[in-house]
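The values are calculated or read from the model by the stated rules, or taken from the named source; none is laboratory data. Computed from a predicted structure; not experimentally measured. Positions of Cβ are backbone-derived with ideal geometry, glycine not excepted, and every protein chain shown enters the neighbour counts.
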Amino acid sequence: MEYNQEFTGEKYREIARAMGVKGVDEMTVEEYRKAAVDAVKQLSADVGIPEKNEKVREEDLDVLAADAFADACCPGNPRDTNTAELKVLYRKIMV
């Protein structure tokens, strides 16, 4: 969500609202996008989804990034990407 937030128009406003964030209509675009990301991060923590994955290793990143880029969902992402950027995202979840 953080990666895509600048390319989502007002969608994150509705995500923040759906997540129960108060005062969404008075927030700036940057504020409601951050609020949406923070609310989803909190939900993830509440249900036990770890922020880091010790099984992701540097030597796996070429394959992981290539597979993610080739995935059928990639063209539907709001932000265009490439394998180099996907590697950066994978590194963020590495321990």
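How do the pairs read when you match residues in segment 57-74 that are under 8 Å from Tyr90 (Cβ atoms) with residues anywhere that are in a helix (DSSP H, G or I) and of a type in the set (D, E, K, R), using Cβ under 6 Å and keeping only pairs 6 or more apart or on different chains?
Leu61/Lys87; Ala65/Lys87
Take the residues of segment 5-22 that are part of a loop (DSSP other than H, G, I, E, B) and in contact with a Phe, Trp or Tyr (Cβ under 9 Å, 6 or more places away or on another chain): which is modelled with the highest pLDDT?
Residue satisfying both the conditions and the ranking: Val21.
Just one of (1) touching a residue at least 60 places away in the same chain (Cβ under 8 Å); (2) surrounded by 14 or more Cβ atoms within 10 Å (Cβ to Cβ) trips up Asp38, so point out which.
Tallying (1) touching a residue at least 60 places away in the same chain (Cβ under 8 Å); (2) surrounded by 14 or more Cβ atoms within 10 Å (Cβ to Cβ), Asp38 fails exactly one: (1).
Tell me the residue from Asn77, Asn53, Asn82 that is outside the structural domain of Gly9 (by TED's automatic domain parsing) and in contact (Cβ under 8 Å) with a residue 60 or more places away in the chain, please.
Details: Asn53 fails: in contact (Cβ under 8 Å) with a residue 60 or more places away in the chain; Asn82 fails: in contact (Cβ under 8 Å) with a residue 60 or more places away in the chain.
Of Asn77, Asn53, Asn82, the one residue that is outside the structural domain of Gly9 (by TED's automatic domain parsing) and in contact (Cβ under 8 Å) with a residue 60 or more places away in the chain is Asn77.
Going residue by residue through segment 82-91, is there one that turns out to be among the polar types (S, T, N, Q) and at pLDDT 95 or above?
At the first step, the residues of segment 82-91 found to be among the polar types (S, T, N, Q) are 82-83.
If we keep only those that are at pLDDT 95 or above too, we end up with 82-83.
Yes, some residue in segment 82-91 is among the polar types (S, T, N, Q) and at pLDDT 95 or above.
Looking at (1) loosely packed, with under 11 Cβ neighbours inside 10 Å; (2) of a type in the set (D, E, K, R); (3) in contact with a Leu (Cβ under 7 Å, 6 or more places away or on another chain), which is the only condition Lys87 fails?
(1)
Only one of (1) in a helix (DSSP H, G or I); (2) surrounded by fewer than 14 Cβ atoms within 10 Å (Cβ to Cβ); (3) within 14 Å of the chain's Cα centre (by Cα) fails for Arg33. Which number is that?
(2)
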